[in-house]
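Please treat every number below as a calculation from the coordinates, not as lab data. Everything numeric in this text was worked out from a predicted model, so none of it was measured. Here Cβ is always computed from backbone atoms with ideal geometry, including for glycine, and neighbour counts include all displayed protein chains.
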Amino acid sequence: MTSSKAKYEPFRFKQFLVHHDLCSMKVGVDGVLLGAWADVGSCKNILDVGTGSGLIALMLAQRNSLAKIHAIDIDDSAFQQAQINFNLSPWKENITLHKGDFFAFECEEKFDLIISNPPYFSNSSLSSDSSRNIARHNITFSLEKLISKAKNLLNPHGKLCFIYPFESLKEVEALSNKMHLSIKKLTLVKPSASKSPKRMMVEITKEFNVQRNENELLIESSTNEFSLEYKTLTKDFYLKF
C-alpha cells in the first residue's frame, strides 16, 4: 500500500521537478503522453487548458524553449501548485499562468496550439473533494465546449490536442464535422498488444477535410515492460529511460 508521504512526493523528470501535493490530479501517464506527443516544433503561442500541476506546460517549454506558453486553471490549489512548479523551472520567463475559467478566457493573441488533458468521467461517483471532482469529472467542462472555445482562440492554422477515452471517438468525429474542423492526427493508446485502446490522443485542426494520420501506441510490451515506442516517446523526460 502506498504511503501518504510517497503519494505526494515530487515527481522528478530529467530537466524539471513537479510538486503535486496541493492539486487534485497527480502526475500520471496521460499527461506525460500528451506532453511528449503533441507537435510543438513550429508553435510560437501555446495555451495549456486545465494546467493542474503545470506538467504539460513544462514539458512543452522543454521541447520548445522559444514558445510563449499560457497556462490556465480555475482551481485555487492547482493555480498555486502550478505557480510553484513554474517558478522552480528553467522556463519561468516563458510561461504565463492565469487563474480563471477557460470558457471566459479572452486573449488578443491567437494560438498555434491549445492543449488539454481534460476531465472526462461522466458516470462515476463523485467524491467529497470538490476540487477533485472538477479535475476528473466533466460536470462543467464538456468536450463540445472545449472544442468550440478552442476554435475561437486558434489562429487559422492552429490545432487543438487532447487525450480522451477511446470510447468517445465517434463523439469527437461528430463534433469536429459539426464545427467544420478535421482530425489531423489520431493515436490510439493501448495498455498492451492484447488489449483494446483505452485512450486516444487527438489533434484537431481548423483546416477542413485534411487527411487523417492514424496510428497506435502500446504502453507495455509482451514482456510486461514499457514498450520501445513508449520509451522512445518519453525518453527526454523520464529519469529511468
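Taken over the alpha carbons of segment 134-241 as equal point scatterers, the Debye sum produces base-10 log I(q)/I(0) values at 0.10, 0.13, 0.24 Å⁻¹ of -0.35, -0.58, -1.25. Only DSSP H runs of four or more residues enter the estimate; each adds -39500 (n - 2.57), and after division by the residues of the chain the mean residue ellipticity at 222 nm equals -8000 deg cm²/dmol. Taking a sphere under 11 Å around the Cβ of residue 227 and counting the other residues whose Cβ falls inside, with K and R at +1 and D and E at -1, yields a net charge of -2. Between the DSSP loop rule and a limit of at most 16 other Cβ atoms within 10 Å, which chymotrypsin sites (Phe, Trp or Tyr not before Pro) in segment 29-115 are left? Listed in order of number, the matching sites are 105.
Strictly greater than 22 Å: what percent of every Cα pair in the chain meets that? Before the final figure, lay out each step's value.
Numbers: 15218 of 28920 pairs.
It works out to 53 percent of all Cα pairs.
Does segment 27-112 come out rounded, prolate or oblate by the C-alpha gyration tensor, with a ≥ b ≥ c the root eigenvalues, rounded set by a/c under 1.5 and, if not, prolate when a/b is larger than b/c and oblate if not? It comes out rounded by the Cα gyration axes. Qualifying chymotrypsin sites (Phe, Trp or Tyr not before Pro) in segment 158-208, where qualification requires a DSSP coil assignment and no more than 16 other C-beta atoms within 10 Å, comprise 208.
The value of relative contact order for the chain, using C-alpha pairs under 8 Å at least six residues apart, is 17 percent.
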